[in-house]
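A short worksheet on the structure shown next.
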Amino acid sequence: MTKRIFPAALCLILLLAVVGCASHNAVKLTYAIGQSTAPCSGDVTVFKFEDKRDQSKLGSDSNGQAINTLSDVADWVGWALFDELKAAGSNPKYRTSTVTPGTGTLITGEVLALNLNQTGTTTYAGKLTVKFMVQKDGKTVLAEKYTSEVENLVVPGYGSQSDILAETLRTLIGEALPAICAKI
């Protein structure tokens, strides 16, 4: 009986060690709604954003190890915009595959860059660039690029890499939302 348990336990320990090491530099993208200052009203469709980044990795830590994401970057941005529009008073709908061209207000965009790099012993810097496009009745009424940068501490119990990227996105949407809402 002991002979069977030992190899199984050893395999379990090795598997947990490999999985733990593999996900050390993987960041889950999260988002919490910010304080909206732009009132929005009306029906709007948010169409799935595109990930147009040059590389899939976010950046690197001080050891040169790649930092990657566990989440879809385009979905992260699109759903955050959806949540902010809803909180601001509009009636958004989210579409991932097809939309009827030329009817109503459509918002989409492209994630052009998302970076997270370790800049000090406990500090990381996040940078996000997104191009938002608003179409009203088939005509483009807004096509603007926004960039946001946040640098902060990553210390257990204080802040995480996810927190830095969430704040980077919150700042970017906070800047873009008034212009977007003005076109709805």
**Asked** What nm value, rounded to one decimal, do you get for the distance between D54 and E175 when each label is placed 7 Å out toward the C-beta?
**Response** 1.9
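Percent of accessible area on the chain owned by carbon and sulfur, 1.4 Å probe?
54
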**Prompt:** Which of the helices in the chain meet the span-like rule: DSSP H, Cα axial reach of 24 Å or more, Kyte-Doolittle mean at least -1.0?
**Reply:** 2-22, 161-182
**Item:** Taking the convex hull of Cα positions in the stretch 126-184, its mean projected area over all directions (nm²)
**Value:** 4.3
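Relative contact order, percent, of the chain when contacts are C-alpha pairs under 8 Å separated by at least 6 residues?
24
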**Message:** To check my understanding: the extent here is largest minus smallest coordinate of the Cα atoms along each principal axis. What are those three numbers for the stretch 74-184, in Å, largest first?
**Reply:** 51, 26, 23
**Message:** Among R170, R53, R95, which one shows the highest mean-square fluctuation when the chain is modelled as a Gaussian network with alpha-carbon springs under 10 Å?
**Reply:** R95
**Prompt:** Accessible area per residue of the stretch 37-147 at 1.4 Å probe, in Å²?
**Reply:** 50
**Complete:** Once all protein chains are kept in place, T129 shows an accessible area at probe 1.4 Å, nearest 10 Å², of 20
**Message:** Please report the antiparallel percentage of the DSSP beta bridges confined to the chain, to the nearest 5.
**Reply:** 75
**Prompt:** Given the C-alpha centroids of the stretch 117-184 and the stretch 58-112, what is the distance between them in whole angstrom?
**Reply:** 11
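The values are calculated or read from the model by the stated rules, or taken from the named source; none is laboratory data. The structure displayed is predicted, hence computed values, not measured ones. Every residue, glycine among them, receives a Cβ derived from its backbone with ideal geometry; neighbour counts consider all protein chains shown. These accessible areas exclude ligands, DNA and RNA; they are computed on the full protein's heavy atoms, side chains included. Shrake-Rupley method; radii C 1.70, N 1.55, O 1.52, S 1.80 Å.
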